[in-house]
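The structure appears right after this line, and notes come after that.
The values are calculated or read from the model by the stated rules, or taken from the named source; none is laboratory data. For clarity, every value in this text was computed on a predicted model and none was experimentally measured. Note: ideal-geometry Cβ built from the backbone for every residue, glycine included; neighbour counts use all protein chains shown. Quick note on the areas: whole protein, heavy atoms, side chains included, nothing else; ligands and nucleic acids left out. Shrake-Rupley method; radii C 1.70, N 1.55, O 1.52, S 1.80 Å.
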Amino acid sequence: DRIKDQILESYIALRKRRGITQQEIAERTGMKRTNIVRIESGRYVPTIEVLVKLADALDMELEIRLVEKENRNE
């Protein structure tokens, strides 16, 4: 859930900083505003395809990486 929350918080903060409404995101992605609300409230976990659409609507690219876990025993 931590990763999901981080992605969601990052997306919402960026959308708000750019002054883009949920309705504008809906129009840019071809999704319904109600679905945007569900995503932003955490009631729906978006697929990678939906995340790509959201990123594109913000004129961004989605980057997903696998990184080594920190050694928690040190």
Kindly check whether there is at least one residue in segment 58-68 that is surrounded by 10 or more Cβ atoms within 10 Å (Cβ to Cβ), part of a helix (DSSP H, G or I), in contact with a helix residue (DSSP H, G or I) (Cβ under 7 Å, 6 or more places away or on another chain) and free of Cβ contacts under 8 Å to residues at least 60 places away in the same chain. no
Restricting attention to segment 37-54, which residues are assigned to a helix (DSSP H, G or I) and in contact (Cβ under 8 Å) with a residue 24 or more places away in the chain? ILE39, GLU40, LEU51, LYS53, LEU54
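Residue by residue through segment 8-17, note down the ones that are more than 8 Å from the chain's Cα centre (by Cα) and open to solvent by 70 Å² or more (accessible area, probe 1.4 Å). Explain how you work it out, then say what you get.
Going through segment 8-17, the residues more than 8 Å from the chain's Cα centre (by Cα) turn out to be 13-17.
Selection gives LYS16, ARG17.
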Of the listed residues (ILE3, ILE20, ILE25), the one being in a helix (DSSP H, G or I), surrounded by 15 or more Cβ atoms within 10 Å (Cβ to Cβ) and of a type outside the set (Phe, Trp, Tyr) is ILE25
Quick check on GLY30: is it under 17 Å from ILE7 (Cβ atoms) and open to solvent by less than 90 Å² (accessible area, probe 1.4 Å)? no
